[in-house]
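> This is the structure I have questions about; it appears just below.
The values are calculated or read from the model by the stated rules, or taken from the named source; none is laboratory data. Since the structure is predicted, the reported quantities are computational estimates derived from the model, not experimental observations. Cβ atoms come from the backbone with ideal geometry, glycine included; neighbour counts cover every protein chain shown. Accessible surface is based on the protein model in full, side chains and every heavy atom, while ligands, DNA and RNA are left aside. Shrake-Rupley method; radii C 1.70, N 1.55, O 1.52, S 1.80 Å.
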Amino acid sequence: MNKVILIGRLTADPDIRQTNSGKSVASYRLAVDRNIKAEGQPEADFLNCTAFGKSAEFAGNYLRKGMKIAVEGRIQTGSYTNRDGQKVYTTDVVAEEVEFAESKA
């Protein structure tokens with residue numbers, strides 16, 4: 001089973017684009033607090049998220065930097081070779097469902 005549920009804040013407005021076939025794709029980064037604190041300071045993980053179709057359109061229409069959201073989806077790994085010829089490994093969250101996690105201020 002590959003399922004993840006995260007609650008965090010958007011670090012920037014989502015980046016929305018269209019595939020060649022016209023499908024919407026949204027990319028955004030989510031800052032998720034850790035339970036463990038370093039020297040009294042909270043720490044966070046910064047996770048790349050990708051949404052497709054209706055979820056991507058929702059992100060483009062309603063999500064903005066600083067908003068607290070809940071994301072349900074799956075982990076996806078990949079790799080590519082950069083300009084220097086080094087293999088780079090990636091880990092992303094494919095967001096299947098997104099909800100607001102706090103009321104509008």
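> For the chain, with every protein chain kept in place, what is the accessible area per residue (1.4 Å probe, Å²)?
Computed with neighbouring chains in place, this is 72 Å² per residue.
> When the chain is fully extended, how far beyond the present Cα-Cα distance does residue 97 get from residue 20, taking 0.36 nm per residue of separation?
Details: separation 77, 0.36 × 77 = 27.72 nm, distance 2.36 nm.
Going from the current span to full extension adds 25.4 nm.
> How large are Rg and Dmax for the chain when calculated on the C-alpha trace, in angstrom?
Cα only, the chain: 15.0, 49 Å (Rg, Dmax).
> Continuing with this model, one more query. Is there a quick way to get the dipole size of segment 1-48? I mean about its Cα centre, with the Cβ of Lys and Arg at +1 and of Asp and Glu at -1; what is the value in debye to the nearest 20? Please list the in-between numbers first.
Working: 7 positive and 6 negative charges, 51 e Å.
Dipole about the Cα centre, nearest 20: 240 debye.
> Please compute the modelled spin-label separation between residue 54 and residue 84, points set 7 Å along Cα→Cβ, answer in nm with one decimal.
Here the modelled spin labels are 4.4 nm apart.
> Given a 1.4 Å probe and every protein chain left where it sits, what share in percent of the accessible area of the chain is carbon and sulfur? All intermediate terms of the calculation are to be shown ahead of the outcome.
On the way: 3510 of 7540 Å².
Carbon and sulfur: 46 percent of the exposed surface of the chain.
> Ok, one more. Just from its helices, what would the mean residue ellipticity at 222 nm be for the chain, if runs of 4 or more DSSP H residues each count -39500 (n - 2.57) and the sum is divided by every residue, rounded to the nearest 500 deg cm²/dmol?
Details: 1 runs with 10 residues, N = 105.
Value at 222 nm, helices only, nearest 500: -3000 deg cm²/dmol.
> Calculate the dipole size of segment 3-103 relative to its Cα centre from +1 charges on Lys and Arg beta carbons and -1 charges on Asp and Glu beta carbons; express the result in debye to the nearest 20.
Details: 14 positive and 14 negative charges, 48 e Å.
Dipole size: approximately 240 debye.
> Let me ask something else about it. Please identify the longest segment of the chain free of exposed trypsin sites (Lys or Arg not before Pro), where exposed means a DSSP state other than H, G, I, E or B and no more than 12 other Cβ atoms within 10 Å.
Numbers: sites that count: 3, 23, 64, 65, 83, 104.
For trypsin sites (Lys or Arg not before Pro) (loop position, at most 12 other Cβ atoms within 10 Å), the longest site-free span of the chain is 24-63.
> For segment 1-58, run through the GluC sites (Glu not before Pro) and keep only the ones in DSSP coil with at most 16 other Cβ atoms within 10 Å of their Cβ.
On the way: sites: 39, 43, 57; in loops: 39.
Filter output for segment 1-58: 39.
> If you take the C-alpha gyration tensor of segment 1-48, multiply each eigenvalue by 5 and take the square root, what semi-axes do you get, largest first, in whole Å?
Numbers: eigenvalues 176, 37, 8 Å².
Taking √(5λ) for each eigenvalue gives 30, 14, 6 Å, largest first.
> Can you work out D for segment 63-105 in µm² s⁻¹ from Stokes-Einstein, where Rh is the Kirkwood radius over C-alpha pairs, the temperature is 25 °C and the viscosity is 0.890 mPa s? All intermediate terms of the calculation are to be shown ahead of the outcome.
Values: Rh = 12.9 Å.
Translational diffusion coefficient: 191 µm²/s.
> Next up: As an exercise, use a Förster radius of 30 Å and the Cβ-Cβ distance of residue 35 and residue 74 to find the FRET efficiency, rounded to the nearest 0.05.
Numbers: r = 23 Å, r/R0 = 0.75.
Rounded to the nearest 0.05, the efficiency is 0.85.
> Answer with one residue from 49, 22, 98: the one whose Cα lies farthest towards the positive end of the charge dipole of the chain, charges on Cβ with Lys, Arg +1 and Asp, Glu -1.
Ranked along the dipole, the leading option is 22.
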